[in-house]
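Asker: Here's a structure for you.
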Amino acid sequence: MPKPTRVAAAAAVAVLVLLAVVLLRGGDDDRGRKGEIVRGASHRGFPLRGSLAKDDDAIAGAVDRWRQVVAKRSESDDDRTFHGPDANDDVTVLWAGRVGERDTVMLEGGDLVAELTRQGQLGWGVAGTSLRDSDGTRDVPVAAGHSIVVPDDGARWQYVNADRFSSGDALIADGLVSTISSTPRGFVLPERADAASDGQTEIYLTGIGGRLLASPHAFADLRKALTGGNARAVWLAANAGQRYLTELAEDDRRRALRAPQPLRIVWTGKLPKRPHAAIVEQGRSSAQSVALGHGEAAGEQDANEDATEGENLLGFGTAGLSGSNRGGAVVAGSFISLDDVPYLVLAGIGVKTIHALVGDRELVRSGPAAIIPAAPLARTGTPPDTVIYGRAADGDVIAPLATK
């Protein structure tokens, strides 16, 4: 039987060995761990696809280049809210292949998605980045730069242009939608609504982010708007609402890294001298917005002409005085200017009527939207103090979203 002193010494050696192993491996918090290359994200609907999917050298070169760019930017800008992958972060390769005359690799790491490209003898370069959705997000397209990776879910995907000048041609092959524009503005959506039991359909608005359509009816409303020449107007409205959501994300980083926000078309129609207009509601809870977009049909605007288009935030934040919006009821409204003429724009979802107390007048309109010339309401040339609210079918008041 070994002496106690020898047992104690052996135990001490074992503890030291265990401690060394923990330090080398980084322990539970992965300190000292080197980030790895993850090939695809099949659990989210993105197996690694593309003609370079098995080219380890090409993939490693793209990942190394992105890490170098991120490290260099981090040295000069430590206050950025969102960062790409540092040395300890894994990088997920979503797509790697040849697109036209350039090699393209789509990567996720840190808070970002990146498109890296190379052509001929030139090395890899970062063509564009965007904010990524949460790790738990499934089957929502992922985009950065020229390209959008669509999930491998059996759906047939299409790209609908919303660019003011471009025809929006796009190449769709092997799970990648590649546009000719470095800053594409458009919609990536399946040809049919999702047949899943929850009824949700995932889409992507390039330059804005992933969105969920909560029902087949919401999907049909979007398809109708896009095929009716309102793609540009819908994109502008979503962009105006997204600005608020982005500001909120900068204040609370966690909000930006969660599942994509729901989106629905509230109204499409015409404004004075603007044949295409749309009101879009998106988000949930305190991260919610309603906005108006208007302008020409996509691809029809001459670059040498002044565009009669614009976007206006109508409301944002939490619906209802108590923070509850009574099952999705939303009311918003704001004054806008078209050719220096004021209008009051009202929007209501899930309400019977929309009300506006303007100075000494009370206006009542049915939903979902109303465009009211405001000049007759403004005796002094500027819009008077205005209170907007909605009424449910039972007469209860629905408080509006906040305005800026």
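Values quoted throughout were computed directly from the atomic coordinates according to the rules given, and no laboratory measurement underlies them. What you are looking at is a predicted structure, and each value in this text was computed from that prediction instead of being measured. Positions of Cβ are generated from backbone atoms using ideal geometry, with glycine treated the same way; all protein chains shown enter the neighbour counts.
Asker: As an exercise, identify the trypsin sites (Lys or Arg not before Pro) in the stretch 109-172 lying in DSSP coil whose Cβ has no more than 11 other Cβ atoms within 10 Å. Let's see the in-between values first.
Answerer: Values: sites: 118, 132, 138, 156, 164; in loops: 132, 138, 156, 164.
Taking the stretch 109-172 and a limit of 11 other Cβ atoms within 10 Å, the loop trypsin sites (Lys or Arg not before Pro) found are 156.
Asker: Given the peptides 277-285, 229-237, arrange them by the average over their residues of other C-beta atoms within 10 Å, most packed first.
Answerer: Details: 277-285: 23.8, 229-237: 27.0.
Descending mean neighbour count gives 229-237, 277-285.
Asker: Show me, for the stretch 38-55, the HN-Hα J-couplings you get by feeding each phi into the Karplus relation (A = 6.51, B = -1.76, C = 1.60, θ = phi - 60°), rounded to Hz, glycine and proline as x.
Answerer: So the Karplus estimates, Gly and Pro as x, are 9, 8, x, 9, 4, 5, 10, x, 10, x, 5, 10, x, 5, 9, 4, 9, 8 Hz.
Asker: Same structure again: Over all directions, average the projected area of the Cα convex hull of the stretch 34-132 and note it in nm². Display every interim value, and only then the final one.
Answerer: On the way: hull surface 25.7 nm².
Over all viewing directions, the stretch 34-132 projects a mean Cα-hull area of 6.4 nm².
Asker: Right, another one. Find, among the GluC sites (Glu not before Pro) in the stretch 63-130, those assigned to loop by DSSP (not H, G, I, E, B) with at most 11 other beta-carbon atoms within 10 angstrom.
Answerer: Numbers: sites: 75, 101, 108, 115; in loops: 101.
Within the stretch 63-130, the qualifying GluC sites (Glu not before Pro) (loop, at most 11 other Cβ atoms within 10 Å) are 101.
Asker: Can you compute 3J(HN,Hα) from phi for each residue in the stretch 265-281, using the Karplus curve 6.51 cos²θ - 1.76 cosθ + 1.60 with θ = phi - 60°, rounded to whole Hz and x for Gly and Pro?
Answerer: After applying 6.51 cos²θ - 1.76 cosθ + 1.60, I find 7, 8, 7, 10, x, 10, 10, x, 6, 9, x, 10, 8, 8, 10, 10, 10 Hz.
Asker: Amide H neighbours of residue 83 under 5 Å, counting only residues 5+ apart in sequence or on other chains, H built in-plane at 1.01 Å?
Answerer: 111
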